[in-house]
Amino acid sequence: MQARKIFVAGAGRSGFMIKSFAMRMMHIGLEAYAVGETIAPRLEKEDLLIMASGSGKQRV
C-alpha cells in the first residue's frame, strides 16, 4: 500500500490473469500498469513490481 505505482508482468495465461488483477487495482483507486504497454511509465525506486508465472520458469 506504500508503493507509488504498481507494475505487473506475465506471459501467456499468467499475463492475462495479472493484467486483470491490475485492472481491479485501478478500479479501487490504485495506480497500476502492465509492463510493456504503451501507456506504462518508467519503474522508479518507490514502485512495486509483481510478476506472475504459472510454470515457474522465466521467459525472455
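Looking across region 28-57, just one residue is without any contact (Cβ under 8 Å) to a residue 12 or more places away in the chain and touching a strand residue (DSSP E or B) at 6+ places or on another chain (Cβ under 9 Å), and that is Ile39.
If you check Gly36 against the conditions, is it under 10 Å from the mean Cα position of the chain (by Cα) and part of a loop (DSSP other than H, G, I, E, B)?
Yes: the conditions hold for Gly36.
For region 1-45, the tally of residues that are surrounded by 13 or more Cβ atoms within 10 Å (Cβ to Cβ), aromatic (Phe, Trp, Tyr) and within 19 Å of Ser55 (Cβ to Cβ) stands at 1. Only a single item in (1) hydroxyl-bearing (Ser, Thr, Tyr); (2) part of a helix (DSSP H, G or I); (3) modelled with pLDDT under 95 is not met by Ser20, and it is number (3).
The values are calculated or read from the model by the stated rules, or taken from the named source; none is laboratory data. Computed from a predicted model, the values in this text were never measured in an experiment. Methodologically, a virtual Cβ is constructed for each residue, glycine included, from the backbone with ideal geometry; neighbour enumeration extends over all protein chains shown.
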